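Reading through the structure tokens given below for one structure.
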Amino acid sequence: MKQTQLWIGDTWIPGASTVTLHSPYTGDPIAEIGYASVEQAEQAIEVAAAAFKSFYKVPAYTRAEILRKVASAMEKRHEELARLIAKESAKPIQAARGEIDRTIQTYLFAAEAARDNRGETIPMDAAPHGENHLAYTQRKPLGVVTAITPFNFPMNLVAHKVGPAIAAGNTIVLKPAEQTPLSSLILAELFQQSGLPAGVLNIIPGSGAELGEILTTHPKVAFITFTGSPRVGKLIRAQAGLRRVTLELGSNSPLLIDEGFSPDELEKIADETTNGSFNYDGQVCISIQRVYVHKNIYDGFVERMVQRAEKLKIGDPLAEDTNISALINTAAADRLKKWVEHAVSKGAVVQTGGTFEGNVMAPTILTNVSPDAELNTEEAFGPIITITPFETWSEAIDMANRSKFGLNSGAFTKDIERALQAAEKLESGGVLINQIPTFRVDQMPYGGVKESGSGREGIRYAMEEMMDIKLVVLRMNVYQP
């Protein structure tokens, strides 16, 4: 069985310990993963700090070319990388291929952003005593970025941290999710072959509980970027001190569907809602979880969703026709089973699904779910949605906002006033009109409010988060009367 190592300073180093990685679908062992110790994590940070002293001087066109070469290498190894994702995360192969497509685009966007780092001029004479001064800003890299990434998009969400860090001229220490280290470790080879200088990218699989503190408190860490649970995000925020932090945390994305759509249009909305609810088993940060439907079309829409959910194919993630596969681990399946049972005990009706076979959960739709049930208040991160009727648009917005999260919201309506009302009043980092909240393209700003986090991803926006603004002021005509 393959045994992996740590990537520190362009060198493979044995981990302080090893942990067996198992397939979420079959339970079979995949590899022995070398885990970093706290001392090795500190070593990676020191190496990254030393590399920053020269890397920040590397010209933008060179950084852009490195990122373009990585994108090109990924294109050539597309199927290999997709199958790697499917194997270690149980992501259905079709979805895994889609992730590789997006990852390639993400690195290309990062290459473009590297070439387009710019400041602005400041109109100093807009204020008294500002005349005869020329001022402009520059964006400068911060230094060492530590990145802690999740399992659900093990290549693209990594790219959303590694790409902008390198584009900005920072160095990086990457700790991938415990379940998906292989998708990150392969980046060592891709970036080395693409000409990235030694020490700029360091990859240290390991326990988040063990390594989290050193990655967030080491004095040479300048920026922390994390995607994961609100609980861990709050801990990172508390530990980070004055360091900058981007946190992309939980969500239970709402979708509002107004009346006024034709039967054919509702069929298309149901298709998109099915994809946004059940793609990769709902293990997507902006997966649809709560659907609010106007009472006049409610029954018909529930029927459409049930029909579609029951047609989804459950099976091996490497099978071409699989739509639904295993949840990431047994704990996730056990949690969702309890939440379904709790909702039913409070009056919820299971329209379809609600069954489990090992870590595999059938696509599940519940109605009449209590507003305070976990399935309406917490992040499910599984193939399950609740559908609730509403009478007025204001009521739908109020129900959607009855959440501690606020990442993306979606609203389908033909009424421009209602569309604008949704855009103004929905409490989320992104409001998507006539689009599902699961929609994302990789150059758009992405992040949340409330317990969904702080800061923004999306390559240019993430790059700006990872840089300082430096002001330069020149006093003119100093010696002239």
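The values are calculated or read from the model by the stated rules, or taken from the named source; none is laboratory data. What you see is a predicted model; the values in this text were computed from it and never measured. Glycine gets a Cβ as well: all are built from the backbone with ideal geometry, and neighbour counts include every protein chain shown.
A few notes on this one:
- Test: residue in the range 172-189 that is closer than 21 Å to ASP116 by Cα and either at pLDDT 95 or above or in the same structural domain as VAL58 (by TED's automatic domain parsing) (or both): yes
- Enumeration of residues in the range 415-435 that are part of a loop (DSSP other than H, G, I, E, B) and touching a strand residue (DSSP E or B) at 6+ places or on another chain (Cβ under 9 Å): LEU426, GLU427, SER428, GLY429, ASN434, GLN435
- Flag for LYS220 being more than 24 Å from the chain's Cα centre (by Cα) and either assigned by TED's automatic domain parsing to the domain that holds ILE85 or within 30 Å of ALA48 (Cα to Cα) (or both): yes
- Screening the candidates GLY130, GLY98 for the property of being without any contact (Cβ under 8 Å) to a residue 40 or more places away in the chain, crowded, with 16+ Cβ neighbours inside 10 Å and of a type outside the set (Phe, Trp, Tyr) yields one hit, GLY98.
- Taking each residue of the range 301-322 that is within 13 Å of ALA96 (Cβ to Cβ) and looking for partners that are β-branched (Val, Ile, Thr) and assigned to a helix (DSSP H, G or I) with beta-carbon atoms closer than 6 Å, six or more apart or interchain, yields LEU318/ILE93.
- Qualifying residue in the range 80-96 (condition: more than 22 Å from LYS2 (Cβ to Cβ) and among the basic types (Lys, Arg)): no
- Test: residue in the range 155-167 that is modelled with pLDDT of 95 or more, in a loop (DSSP other than H, G, I, E, B), closer than 30 Å to ALA332 by Cα and touching a Ser or Thr at 6+ places or on another chain (Cβ under 8 Å): yes
- Residue count for the range 188-211, restricted to those that are surrounded by fewer than 23 Cβ atoms within 10 Å (Cβ to Cβ) and part of a helix (DSSP H, G or I): 8
- Residue within the range 237-245 that is in contact (Cβ under 8 Å) with a residue 40 or more places away in the chain and part of a strand (DSSP E or B) present: yes
- Inclusion of THR227 among residues that are under 21 Å from ARG456 (Cβ atoms) and of a type in the set (Val, Ile, Thr) is warranted.
- Annotation: ASN252 fulfils all but one of (1) surrounded by fewer than 21 Cβ atoms within 10 Å (Cβ to Cβ); (2) over 16 Å from PHE439 (Cβ atoms); (3) not acidic (Asp, Glu); the unmet one is (1).
- Enumeration of residues in the range 412-434 that are touching a Phe, Trp or Tyr at 6+ places or on another chain (Cβ under 6 Å) and in contact (Cβ under 8 Å) with a residue 40 or more places away in the chain: ARG418
- Of all residues in the range 186-217, those satisfying the criterion of being within 20 Å of the chain's Cα centre (by Cα), farther than 20 Å from ARG63 by Cβ and among the β-branched types (Val, Ile, Thr) are ILE186, ILE204, THR216.
- Candidates ALA60, ALA50, ALA64, ALA41, filtered to the one that is surrounded by fewer than 20 Cβ atoms within 10 Å (Cβ to Cβ), in contact with a helix residue (DSSP H, G or I) (Cβ under 6 Å, 6 or more places away or on another chain) and not assigned by TED's automatic domain parsing to the domain that holds PHE356: ALA60
- The range 12-29, residues that are more than 19 Å from LEU211 (Cβ to Cβ) and of a type in the set (Val, Ile, Thr): THR26
- Qualifying residue in the range 107-124 (condition: surrounded by 15 or more Cβ atoms within 10 Å (Cβ to Cβ), under 30 Å from PRO383 (Cα atoms) and at pLDDT 95 or above): yes
- Members of the range 13-25 that are under 28 Å from the mean Cα position of the chain (by Cα) and in contact (Cβ under 8 Å) with a residue 12 or more places away in the chain: GLY15, THR18, VAL19, THR20, LEU21, SER23, PRO24, TYR25
- Residue selected from the range 171-185 under the condition touching a residue at least 40 places away in the same chain (Cβ under 8 Å) and assigned to a helix (DSSP H, G or I), by the criterion nearest to the chain's Cα centre (by Cα): SER183
- Residue count for the range 246-276, restricted to those that are in a loop (DSSP other than H, G, I, E, B), in contact with a helix residue (DSSP H, G or I) (Cβ under 8 Å, 6 or more places away or on another chain) and at pLDDT 95 or above: 5
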